[in-house]
Amino acid sequence: MPPSCIPEHSAQEQLTLSHEQRVYQATAELPNANGYFGRFGGQFAPETLMPAISELIEAYQEARKDPAFQAEIDRLATYYVGRPTPLYEATRFATEAGGGNGPRIFLKREDLAHTGAHKINNALGQALLAKRMGKNRIIAETGAGQHGVATATACALLGLKCIVYMGEVDIHRQSLNVFRMRLLGAEVVSVTSGSKTLKDAINEAIRDWVTNVDDTFYIFGTVAGMHPYPMIVRDFQSVIGREAKAQFAEQVGGLPDMIVACVGGGSNAMGLFYDFIPEKDVEIVGVEAGGHGLEGTKHAATLVKGDEGVLHGSWSYILQDDNGQIIETHSISAGLDYPGVGPELSWMKDSGRATFAAITDEEALEGFKLLCRTEGIIPALESSHAIAYAAKHTRHLGPDASVVVNLSGRGDKDMHTVAEALGVEL
Amino acid sequence: MSTTTQSRIGETFARLKSEGRTALMPYHTAGFPTLAMSKEIIRALGDAGAEMVEIGVPFSDPIADGPSVQATSQIALDNGTRLPDCIQLVRELRAEGITAPFLLMGYYNPILKYGIERYVADSAEAGVDGFIVPDLSAEEADTLRQECIKHGRDLIFMVAPTSTERRLSIAAERGSGFLYCVSVKGVTGAREKMSDSLGEYIERVRSYTDLPLAIGFGISKPEHVNQVGEIADGAIVGAALINALNAVPDEEKPAAAQAFIRYLKGEALM
């Protein structure tokens, strides 16, 4: 029996806990009633949305307790998404990366989930919630297009109207996913304001939600945004970590020494990390997009290089200039090209529960090629950042150690980008 | 702090009320089309008889604004207008002897980066009378509110047709100066028609507060201003003014601003 798709939350008292206990027991505790993870999170939203947000919180709390809702999610996860996804030991990759002295490397194969990425876990969960709330018009934002495709898929499955906001720049670099969404019956709206990428698509989706709040459900794609989204998205994605933990125990025994995931907004990362937060012997590493390098602004390393602020409804780390304007980020992978990050990840950084590193475009491409060549697996460029980190920075753990890397998506969508980066004309 | 008639905003509403008039409150983005030109436009708005002016602080991610205001914000950012420039703009207008209340309307992140205490202190010193932060709910506004109280300035909260009883009472209790009643579900932007249920909604808000009520979002015609005048204390005009400014070349914008205010006041035809 695979782990269930919604985590259990206990209602323990957290005030009496020490700092260390709070760091490691956070699983059951956070966010608090106001949507805060430590000082990160909250609800910084226009007044028009506040009642809709309260309604969403209520509906979610109710749904989470309903065994029928739980059963429907579990049924679709098994028979439609194809869960559990495998935990696969990449031996040839590990041998080549570690030169024979590195750790064992296991890949959590979210790339094998229906639609080719972890995004479907959340999109399906929220679409079911929308349907339960009687909201038949769905909006979503997308960067790489994976969340857009997942949402369009869930809407096709459940018979919901779907509108996806996507930056003009992303529409060009992810044209294949735009085509997929349209085939699935979604309307893709090109966003031409600001930097014309993911953050602007989110702005536009929020504006739509403000305007059509009565009949519209906003399926938000990552663990950022205003409360309750960081919690809801994390909960729906946390099946990744629960499965990985059980699979690792079965295949190897015990716990891995390190878990690694790429971080854009942070949904695949929180999905993998969440169940491991209380396991203090497991080192948690998030890998951000280093773009052209961390010296200038051509990167999207929000936790590594950013500072605190408010973007898209939550207090978190963001990339901003001296005047508090949001910076236009860069990454070879559209899915990591975001100047914000989920508040729970900010909290994990500040509490010391996780560390964060950056991998450049070039390093990500090396990781991408290495996995293709050694394992016959073509990873998404987003996931390639985590892959590259595992290849470059884990050798010190030694051959007795094990590392679990979240392979959050498949790379078919990135063929044009990779070809261009490698100077190949298709 | 529910009534603040001692503030310039409170005084203005009290005076207009005794005269049986409605405050016309135009919004203009600082730095649109240029910083120098925006100063002239704001001066022209005052000259035309606008009772208060809302000065928009440009931001890269204005989630509560429709296309008209967004575009002005982008132009202002492109020509380098930042929060300190907006405060300086107010300082210069005050130095010219303009006495109408000024409100700074800007998103939260630039304020955080500038520092909340410093923001209120510097703005107050420059001559700002009140603050509107569209992405800051009353629940999250404690620090800013304390600073405003300290400096005798107003912090204005927004309410919307969707606001629940609980949220209306929080805004009424914690806000000062006036309540900004968003007329519709949606973002800023000019609209053809005001909502039919506006009166009912304003009556509902009124039952929670003695604060003056100003209605914004969608006001574009003298009929709208009159309609607002029958039920509320102020009419806020943003996108419609920007549309009027966009219809003329830059050098004619101050004159167009003046003409549009006179048109809204029923003193001139468009």
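Please go through the stretch B:55-81 and pick out each residue that is acidic (Asp, Glu), part of a loop (DSSP other than H, G, I, E, B) and over 15 Å from the mean Cα position of the chain (by Cα).
Of everything in the stretch B:55-81, just one residue is acidic (Asp, Glu), part of a loop (DSSP other than H, G, I, E, B) and over 15 Å from the mean Cα position of the chain (by Cα), namely B:61.
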| Which residues, taken from the stretch A:290-303, are farther than 22 Å from residue B:114 by Cα and in contact with a Phe, Trp or Tyr (Cβ under 9 Å, 6 or more places away or on another chain)? | A:300, A:301
| task | For the stretch B:34-71, enumerate the residues that are free of Cβ contacts under 8 Å to residues at least 24 places away in the same chain and either in contact with a helix residue (DSSP H, G or I) (Cβ under 7 Å, 6 or more places away or on another chain) or more than 14 Å from chain A (Cβ to nearest Cβ) (or both). | result | B:36, B:60
| message | Checking residue B:219 against (1) farther than 14 Å from residue B:26 by Cβ; (2) modelled with pLDDT under 95, only one condition comes out false. Which one? | response | (1)
| Looking at the stretch B:158-175, which of the residues that are surrounded by 24 or more Cβ atoms within 10 Å (Cβ to Cβ) and more than 14 Å from residue B:204 (Cα to Cα) is farthest from the other protein chains (Cβ to nearest Cβ)? | B:175
| Number of positions in the stretch A:125-151 that are in a helix (DSSP H, G or I) and either open to solvent by 10 Å² or more (accessible area, probe 1.4 Å) or not hydrophobic (A, V, I, L, M, F, W, C) (or both) | 10
| Among the residues of the stretch B:1-24, is any in a helix (DSSP H, G or I) and within 14 Å of another protein chain (Cβ to nearest Cβ)? | no
| said: What's the number of the only condition in (1) in a helix (DSSP H, G or I); (2) within 14 Å of another protein chain (Cβ to nearest Cβ); (3) not small (Gly, Ala, Ser) that residue A:226 fails to meet? | reply: (1)
| Which fully enclosed helices (runs of 4 or more DSSP H) of the stretch B:156-270 have 2 or more residues being in contact with an Asp or Glu (Cβ under 8 Å, 6 or more places away or on another chain)? | B:165-174, B:253-264
| said: Of the conditions (1) in contact (Cβ under 8 Å) with a residue 12 or more places away in the chain; (2) under 20 Å from residue B:67 (Cα atoms), residue A:220 satisfies every one except a single condition; which number is it? | reply: (2)
| message | List the residue pairs whose Cβ atoms are under 6 Å apart, where the first residue sits in the stretch A:33-54 and is closer than 19 Å to residue A:205 by Cα, the second is among the aliphatic types (A, V, I, L, M) and in a loop (DSSP other than H, G, I, E, B), and the two are 6 or more positions apart or on different chains. | response | A:43/A:226; A:45/A:226; A:46/B:64; A:47/B:160; A:48/B:160; A:52/A:213
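Could you please find all residues in the stretch A:47-87 being within 11 Å of chain B (Cβ to nearest Cβ) and either among the polar types (S, T, N, Q) or surrounded by fewer than 23 Cβ atoms within 10 Å (Cβ to Cβ) (or both)?
Scanning the stretch A:47-87 gives A:48, A:51, A:52, A:53, A:54, A:55.
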| request: Report, by residue number, each residue of the stretch B:89-124 that is more than 14 Å from chain A (Cβ to nearest Cβ), of a type in the set (A, V, I, L, M), in a helix (DSSP H, G or I) and crowded, with 17+ Cβ neighbours inside 10 Å. | output: B:89, B:90, B:93, B:120, B:124
| request: Identify the residue in the stretch B:72-81 that is touching a residue at least 24 places away in the same chain (Cβ under 8 Å) and surrounded by fewer than 21 Cβ atoms within 10 Å (Cβ to Cβ) and, among all such residues, is nearest to the other protein chains (Cβ to nearest Cβ). | output: B:77
| message | Can you tell me which condition residue B:31 does not meet? The list is (1) open to solvent by 10 Å² or more (accessible area, probe 1.4 Å); (2) within 13 Å of chain A (Cβ to nearest Cβ), and all the others hold. | response | (1)
| So, in the stretch A:318-348, of the ones that are surrounded by fewer than 23 Cβ atoms within 10 Å (Cβ to Cβ) and in contact with a Leu (Cβ under 7 Å, 6 or more places away or on another chain), which residue ends up farthest from residue A:263 (Cα to Cα)? | A:323
| message | Here is a check on your reading of the model: is residue A:286 in contact (Cβ under 8 Å) with a residue 60 or more places away in the chain, touching a helix residue (DSSP H, G or I) at 6+ places or on another chain (Cβ under 6 Å), under 24 Å from residue A:390 (Cα atoms) and assigned to a helix (DSSP H, G or I)? | response | no
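The values are calculated or read from the model by the stated rules, or taken from the named source; none is laboratory data. All values derive from a computational prediction rather than experimental measurement. All Cβ positions, even for glycine, are placed from backbone atoms using ideal geometry, and neighbour counts span all protein chains on display. Each accessible area value is taken on the protein alone, full model and side chains, heavy atoms only, with ligands, DNA and RNA left out. Shrake-Rupley method; radii C 1.70, N 1.55, O 1.52, S 1.80 Å.
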